[in-house]
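*Asks:* Okay, here's the structure, questions in a sec.
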Amino acid sequence: MKQDGIPSVKGELREVSVLFADIEGFTTVSEKLDPESTVACLNRLFSKVNSVIFSERGTINKYIGDAVMAFWGAPQTNEKHAASSCSAALGMLVATEQNAKEGLRLRIGIATGEALIGNVGDERFSDYTVMGDRVNFASRLEGLTRKYGVSVLVSERTAKIVGKDFLLREIDSVKVKGKVRAEKIYELMKRDGDASIDDRRLARRHERALSSYRSGDFDAARKEFAKNAAFGDLPAKVFMDRMDGWNGSPPKGFDGSYSFDSK
C-alpha cells in the first residue's frame with residue numbers, strides 16, 4: 001500500500017533471492033508424537049521462522065511438509081533482496097536455537113538470480129509463485145547442507161552481492177543432479193561484524209586448502225583441511241574423507257568440482 005501503484009502479479013522476469021528452509025530431525029521427533037502434537041510442534045517452530053521472514057520483508061510462498069519456501073524481491077521491490085534473505089537465514093537460526101538443541105535443526109539454501117514470477121493456475125485455483133533454475137538450485141543447496149554439515153549454503157551470485165556485509169567461505173564447486181555446469185557454493189557463516197578472529201582464520205584455511213585441492217596438490221590440501229578438522233569443522237572432514245576414498249588418485253577428468261547424483 002505504501003509503494004506507488006499495485007505490485008504486478010502477471011508473469012514477469014525479475015532478479016530475486018529464493019530461500020528453502022527444512023527442519024532436519026523432524027521426522028524422527030514426529031514419530032514419538034501423536035498427530036495433534038506433531039502439528040502443534042511444527043506450528044510453533046514455523047511461527048518463529050515466519051516472524052523472521054516477515055521482519056526482513058520476505059514473501060512466504062509455500063510450506064512443503066516440514067519445509068518452507070520464501071523469496072525476496074517480489075511482489076515488493078527490494079534492491080537488497082540478497083542481503084535481506086541472508087539476514088533472515090541467520091535470524092532464523094538464532095530464533096530456533098532451542099529447537100536445534102532439542103534435535104530440530106534448520107537447514108537453509110539460498111540462491112539469487114532471474115526467475116519467472118506470477119500467478120500460476122486457472123480461475124479455479126492459482127498460486128503466486130516463482131519458477132526457474134535459481135529456484136531449483138536454492139532447493140538443491142538446502143539439501144547439500146547435510147552433505148557438508150553446515151546450516152546455510154548460498155549461491156555464488158548471492159555471495160558476490162553480500163560479501164561485504166557477511167562472512168562467507170567458498171565450500172566447494174559442485175555439479176548437482178540434472179546440471180552439467182559446476183557452480184561454486186558458499187557457506188553463510190555470520191554477519192561480518194559478528195565474526196571472530198577464529199571464524200576468519202577458519203575461512204582462510206579452507207580457502208587455502210581448497211586452492212591446493214583444485215590444483216591437485218592434495219598433500220598441501222590435506223594439511224590445511226586437517227587444521228580445520230581439529231576444531232571440529234565438518235566440511236574439512238568431508239574433503240579429507242573424499243580424498244581418502246580416492247586412494248591417492250583422483251577420478252579421471254578431475255577438474256576440482258564434485259558431482260552429486262542424488263538430490
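*Asks:* Just one of SER51, SER30, SER87, SER55 is more than 19 Å from LEU188 (Cβ to Cβ), polar (S, T, N, Q) and under 22 Å from the mean Cα position of the chain (by Cα); which is it?
*Replies:* When all the criteria are applied, what remains is SER51.
*Asks:* Using beta carbons and a limit of 6 Å, which pairs, at least six apart or on different chains, have the first residue in segment 116-132 and within 11 Å of ALA74 (Cα to Cα) and the second one among the aromatic types (Phe, Trp, Tyr) and surrounded by 13 or more Cβ atoms within 10 Å (Cβ to Cβ)?
*Replies:* What qualifies is VAL130/PHE71.
*Asks:* Being closer than 17 Å to SER17 by Cα and without any contact (Cβ under 8 Å) to a residue 24 or more places away in the chain is the filter here, so list the residues in segment 64-105 that pass it.
*Replies:* ASN78, GLU79, LYS80
*Asks:* Considering only residues of segment 197-239 that are on the phi < 0 side of the Ramachandran plot and part of a loop (DSSP other than H, G, I, E, B), which is nearest to the chain's Cα centre (by Cα)?
*Replies:* Kept after step one, since they are on the phi < 0 side of the Ramachandran plot, are these residues of segment 197-239: 197-215, 217-231, 233-239.
Restricting the remaining residues to those that are part of a loop (DSSP other than H, G, I, E, B) gives 217, 230-231, 233.
Working: ASP217: 29, ALA230: 25, PHE231: 23, ASP233: 18 Å.
This residue is ASP233.
*Asks:* Within segment 3-21, identify whether any single residue is at pLDDT below 90, surrounded by 12 or more Cβ atoms within 10 Å (Cβ to Cβ) and on the phi > 0 side of the Ramachandran plot, and answer yes or no.
*Replies:* Scanning segment 3-21, I find no residue that is at pLDDT below 90, surrounded by 12 or more Cβ atoms within 10 Å (Cβ to Cβ) and on the phi > 0 side of the Ramachandran plot, so the answer is no.
*Asks:* Continuing with this model, one more query. Between ARG214, ARG222, ARG146, ARG169, which is of a type in the set (D, E, K, R), surrounded by 20 or more Cβ atoms within 10 Å (Cβ to Cβ) and closer than 28 Å to ASP261 by Cβ?
*Replies:* The unique qualifying residue is ARG169.
*Asks:* Considering only residues of segment 100-139 that are among the basic types (Lys, Arg) and touching a strand residue (DSSP E or B) at 6+ places or on another chain (Cβ under 7 Å), which is nearest to GLY163 (Cα to Cα)?
*Replies:* By that ranking, first place goes to ARG134.
*Asks:* Also, quick follow-up: Being outside the structural domain of ALA88 (by TED's automatic domain parsing) and modelled with pLDDT of 95 or more: is that true of ASP172 here?
*Replies:* no
*Asks:* Taking the options SER84, SER51, name whichever one is surrounded by fewer than 22 Cβ atoms within 10 Å (Cβ to Cβ), in contact with a strand residue (DSSP E or B) (Cβ under 8 Å, 6 or more places away or on another chain) and of a type in the set (Ser, Thr, Tyr). Spell out the reasoning first.
*Replies:* Numbers: SER51 fails: in contact with a strand residue (DSSP E or B) (Cβ under 8 Å, 6 or more places away or on another chain).
Just one listed residue meets the conditions, SER84.
*Asks:* Mind checking whether some residue in segment 184-200 is among the polar types (S, T, N, Q) and in contact with a strand residue (DSSP E or B) (Cβ under 9 Å, 6 or more places away or on another chain)?
*Replies:* Checked segment 184-200: at least one residue is among the polar types (S, T, N, Q) and in contact with a strand residue (DSSP E or B) (Cβ under 9 Å, 6 or more places away or on another chain).
The values are calculated or read from the model by the stated rules, or taken from the named source; none is laboratory data. Everything numeric in this text was worked out from a predicted model, so none of it was measured. With ideal geometry, Cβ positions are generated from the backbone for all residues, glycine too; neighbour counts draw on all protein chains shown.
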